[in-house]
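Enquirer: Below is the structure I would like to discuss, written out as structure tokens.
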Amino acid sequence: MAKRVLVLNGPNLNLLGTREPEIYGSLTLKDVESACRQTGLALDLTIDFRQSNHEGELITWIHDARQSADAIVINPAAYSHTSVAIHDALKAVGLPVVEVHLSNIHQREPFRHHSFVSSVAYGVICGFGVVSYNLALHALAEKLK
């Protein structure tokens, strides 16, 4: 039976492909979703892919994952650096979490170097563009075996 992975995307990721393409590339969030679904099929993972610009909605989805998912991939975007609430929600659900970022946050502005999510994540993958999501799904497929 396929394992279920919730793939969450935080604020401004709906603008992928048009927002700062020199940093985030030219692929859209729909392209990222397609890549995740293809990788999921190959790994026997069911992908539930979502994006929100609202912290509370992301937290509700994380809470709901207790009943609907086996693991979470999250690109918290700017909430990485600001949201203790997302940290607490991920910690509370007790599922394996992989944090992803399209860009290498450690090569960017100093305020981006710290993530509240990283301390509750099974792993962190950053700097590989869309491949970051695929790497996260591979890591979780192994973890869920």
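Enquirer: Examine the stretch 24-47 for a residue that is in a loop (DSSP other than H, G, I, E, B), surrounded by fewer than 16 Cβ atoms within 10 Å (Cβ to Cβ) and not hydroxyl-bearing (Ser, Thr, Tyr), and state whether such a residue exists.
Expert: Yes; the residues of the stretch 24-47 include at least one that is in a loop (DSSP other than H, G, I, E, B), surrounded by fewer than 16 Cβ atoms within 10 Å (Cβ to Cβ) and not hydroxyl-bearing (Ser, Thr, Tyr).
Enquirer: Could you check the stretch 2-23 and list, in sequence order, the residues that are farther than 25 Å from residue 71 by Cα, touching a Ser or Thr at 6+ places or on another chain (Cβ under 7 Å) and not in a helix (DSSP H, G or I)?
Expert: Within the stretch 2-23, the first condition is being farther than 25 Å from residue 71 by Cα, and the residues that meet it are 15, 17-23.
Going one step further and asking which of them are touching a Ser or Thr at 6+ places or on another chain (Cβ under 7 Å), we end up with 17, 23.
Within the stretch 2-23, 17 is the sole residue that qualifies.
Enquirer: Can you run down the residue pairs with Cβ atoms below 7 Å, 6 or more apart or on separate chains, where the first is in the stretch 8-20 and over 20 Å from residue 90 (Cα atoms) and at pLDDT 90 or above and the partner is loosely packed, with under 13 Cβ neighbours inside 10 Å and not aliphatic (A, V, I, L, M)?
Expert: 12/19
Enquirer: Assuming residue 78 fulfils every condition listed in (1) buried (at least 22 other Cβ atoms within 10 Å of the Cβ); (2) in contact (Cβ under 8 Å) with a residue 60 or more places away in the chain; (3) in a helix (DSSP H, G or I) apart from one, which condition is it?
Expert: Unmet condition: (1).
Enquirer: If you don't mind, there's one more thing I want to ask. Out of the residues in the stretch 118-145 that are modelled with pLDDT of 95 or more, assigned to a loop (DSSP other than H, G, I, E, B) and of a type in the set (A, V, I, L, M), which is surrounded by the fewest Cβ atoms within 10 Å (Cβ to Cβ)?
Expert: Filtering the stretch 118-145 for residues that are modelled with pLDDT of 95 or more, assigned to a loop (DSSP other than H, G, I, E, B) and of a type in the set (A, V, I, L, M), the one surrounded by the fewest Cβ atoms within 10 Å (Cβ to Cβ) comes out as 144.
Enquirer: Anything in the stretch 21-55 that is among the polar types (S, T, N, Q) and at pLDDT 90 or above? List them, or say none.
Expert: From the stretch 21-55, those among the polar types (S, T, N, Q) are 26, 28, 34, 38-39, 46, 51-53; that's our starting set.
Passing the criteria: 28, 34, 38, 39, 46, 51, 52, 53.
The values are calculated or read from the model by the stated rules, or taken from the named source; none is laboratory data. Since this is a predicted model, take the numbers as computed values, not measurements. Note that we place each Cβ from the backbone using ideal geometry, even for glycine, and neighbour counts take in every protein chain shown.
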